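The values are calculated or read from the model by the stated rules, or taken from the named source; none is laboratory data. Everything quoted here is computed from the prediction, not taken from an experiment. So basically every Cβ, Gly included, is an ideal-geometry build from the backbone, and we count neighbours across all protein chains shown. Note: areas computed on protein heavy atoms with side chains; ligands, DNA, RNA excluded. Shrake-Rupley method; radii C 1.70, N 1.55, O 1.52, S 1.80 Å.
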Amino acid sequence: MDGQYLPMSEAKVSVLDWGFLHSDATYDTVHVWEGRFFRLDLHLNRFFRGIEKLRMKLPYNRSEIERILSTCVLLSGHKSAYVEMICTRGGSPTFSRDPREAENRFIAFAVPFGSVANKEQLERGLHVAISDTVRIPPRSIDPTIKNYHWLDLIKGLFEAYDQGAETALIVDINDNVAEGPGFNVFMVKDGLLQTPANGVLPGITRQTVFDLCSELGLSASASDFNRAELKGADEVFITSTAGGIMSVTKIDDTVIGDGRVGAVTRQLTDLYWTKHADPAWSTPVKGE
Ligand code: PLP
């Protein structure tokens, strides 16, 4: 943070930072699994694209950021970590309200690896509730810029808990299924995979599923579907850097397929984790 490495308990942002005051920030999260970053290049590409679109400037170049992320992981001592990089608008030294005058800030941290689904949920599949809450539309916030506009997702999550579900999916302005708090969604029907095309973050795990499908000869496409189509799927899974590929076996009151983790989901999950040791898909955390 601001050129210093600190214990997490001492890493604090200013209350005047527009990242905090206006959610004027972009970020990315990559994970480290057994000492290796998974698809770091894709995460950095998305992070740099977001910064450019928000007209922010980073005080570091790409290789400096790679080095900072590695150092965070090494100093944290975690072999498997969740590593977040953030660029905030910062603030203006003269309290100007003009965002062009703000001094942008870079923050990165490493915490232990975490997952949307716990071990038991991964084995039996998650119970998800679909909320009527509409994801903030792309004309308001460009979803390709990874952002902290989560009030819609958090509202969906509370509604899901109220119904006894474990997590939520929310919809887009056309009432098609969009995404959930920190994940994309896929359905499998008659051997074909489908994930929403519009109004969602282009997740790196989502992209990874497309890449794994090409390798396995499975057909996957980005095209929208509604909640009835999702509930009629043979298999459903969600994807996130926080947990990878995670099965969904119940949506609202509907049991998906035979109610167990499906064969396609299992095959993709196994290959996904195998790729974490493959130098074409992962890079080692390096010291100075
Ligand atoms: N959708 C949203 C809103 C997210 O915040 C995330 C990740 O945090 C995802 C989808 C999944 O993206 P990724 O696979 O890159 O982790």
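With r defined as the distance between the Cβ atoms of Ser221 and Arg139 and R0 fixed at 30 Å, what FRET efficiency is calculated, to the nearest 0.05?
On the way: r = 24 Å, r/R0 = 0.79.
My answer for the efficiency is 0.80.
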- request: Please list, in chain and number order, the residues 5+ apart from Asp234 or on another chain whose amide H is under 5 Å from its amide H, with Hs placed from the backbone.
  value: Val188, Lys189, Asp190
Region 1-47: projected area of the alpha-carbon convex hull, averaged over directions, in nm²: 4.6 nm²
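Taking 0.36 nm per residue of sequence separation and subtracting the Cα-Cα distance, how much length would be gained by fully extending the chain between Ser63 and Tyr161, in nm to one decimal? It would help to have the intermediate numbers written out before the result.
Details: separation 98, 0.36 × 98 = 35.28 nm, distance 4.20 nm.
Full extension from Ser63 to Tyr161 adds 31.1 nm.
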statement: Taking Cα atoms only, Rg over Rh for the chain with Rh from the Kirkwood formula is 0.97
query: Karplus couplings for region 128-141 from phi (6.51 cos²θ - 1.76 cosθ + 1.60, θ = phi - 60°), rounded to Hz, Gly and Pro as x?
result: 10, 10, 9, 9, 7, 4, 8, 4, 3, x, x, 6, 8, 10
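Can you tell me the length gained on complete extension of the stretch Ala277 to His22, counting 0.36 nm per residue apart and subtracting the Cα distance? Provide the component values of the computation, followed by the final result.
Values: separation 255, 0.36 × 255 = 91.80 nm, distance 3.93 nm.
So the extension gain works out to 87.9 nm.
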query: Quick one: how many Å² of Tyr148 are accessible to a 1.4 Å probe, rounded to 10?
result: 80 Å²
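What number of lysine-lysine pairs in region 142-285 show an alpha-carbon separation below 19 angstrom, given a sequence spacing of 8 or more or placement on distinct chains? Before the final figure, lay out the partial values.
Values: Lys146/Lys155; Lys189/Lys231; Lys189/Lys250; Lys231/Lys250.
Number of lysine pairs found: 4.
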query: From the phi of every residue in region 152-160, what ³J(HN,Hα) in whole Hz does the Karplus formula 6.51 cos²θ - 1.76 cosθ + 1.60 yield, where θ is phi - 60° and glycine or proline is x?
result: 5, 5, 5, 4, x, 5, 5, 5, 5
statement: Sorted by chain and number, the residues with a modelled amide H under 5 Å from that of Asn184, at a separation of 5 or more or across chains, are Thr239
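For the chain, what's the relative contact order in percent, using C-alpha pairs closer than 8 Å and at least 6 residues apart?
Numbers: 574 pairs, mean separation 56.9, N = 288.
Relative contact order here is 20 percent.
Within 9 Å, Cβ to Cβ, of Leu126, how many net charges do the neighbouring residues add up to if Lys/Arg are +1 and Asp/Glu are -1?
On the way: positive: Arg124, Lys250; negative: Glu166.
So the surrounding residues net to +1.
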message: Counting heavy atoms of the protein chains only and a 1.4 Å probe, report the per residue accessible area for region 8-112 as a whole number of Å².
response: 53 Å²
message: Under the rule of at least 5 residues apart or a separate chain, name every residue whose amide H is placed under 5 Å from the amide H of Thr133.
response: Val171
message: Please report the carbon-and-sulfur percent of the accessible area for the chain; probe 1.4 Å, protein heavy atoms only, DNA, RNA and ligands left out.
response: 53 percent
statement: Averaged over all viewing directions, the convex hull of the alpha carbons in region 42-175 casts a projected area in nm² of 11.2 nm²
message: If you count only protein heavy atoms with a 1.4 Å probe, what accessible area per residue comes out for region 119-276, rounded to a whole Å²?
response: 43 Å²
field: Karplus-derived 3J(HN,Hα), 6.51/-1.76/1.60, for each residue of region 76-87, Hz, glycine and proline x
entry: 6, x, 7, 7, 10, 9, 10, 10, 10, 10, 9, 10
task: Measure off 7 Å from each Cα along the Cα-to-Cβ vector at Tyr148 and Asp190, then give the distance between these two points in nanometres to one decimal.
output: 4.6 nm
message: Treating only the Cβ of Lys, Arg, Asp and Glu as charged (+1, +1, -1, -1), what charge dipole size does the chain show about its Cα centre? Round to the nearest 20 debye.
response: 620 debye
